[in-house]
1. Only one of these is surrounded by 13 or more Cβ atoms within 10 Å (Cβ to Cβ), at pLDDT 95 or above and part of a helix (DSSP H, G or I): 46, 12, 33. Name it.
2. Looking at the range 68-75, can you tell me whether even one residue there is surrounded by 10 or more Cβ atoms within 10 Å (Cβ to Cβ), at pLDDT below 95, out of contact with any strand residue (DSSP E or B) (no Cβ under 6 Å at 6 or more places or on another chain) and not in a loop (DSSP other than H, G, I, E, B)?
3. Can you name the residue in the range 47-66 that is in contact (Cβ under 8 Å) with a residue 24 or more places away in the chain and touching a strand residue (DSSP E or B) at 6+ places or on another chain (Cβ under 7 Å) and is also farthest from residue 9 (Cα to Cα) among such residues?
């Protein structure tokens with residue numbers, strides 16, 4: 001079992017993929033965290049919304065004891 005915390009995972013430089021929606025607004029996902037995604041109507045809403053989605057995703061994974069992927073290269077550097 002890992003002793004890494006929500007704050008630890010929230011501080012990692014995860015890869016964000018941002019795609020303009022054909023209907024207007026934006027779609028964003030965290031590439032390393034399968035299913036962690038959201039949509040926003042404006043660019044200004046995008047980052048707060050993905051941070052909220054990422055927090056929720058990580059909280060559920062930590063509570064369930066599920067493995068949490070880290071960005072490539074992080075685990076080697078963190079030791």
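The values are calculated or read from the model by the stated rules, or taken from the named source; none is laboratory data. None of the values given here were measured: they were computed from a predicted structure. Cβ: placed from backbone, ideal geometry, glycine included. Neighbour counts: every protein chain shown.
1. 46
2. Yes, the range 68-75 contains at least one residue that is surrounded by 10 or more Cβ atoms within 10 Å (Cβ to Cβ), at pLDDT below 95, out of contact with any strand residue (DSSP E or B) (no Cβ under 6 Å at 6 or more places or on another chain) and not in a loop (DSSP other than H, G, I, E, B).
3. By that ranking, first place goes to 50.
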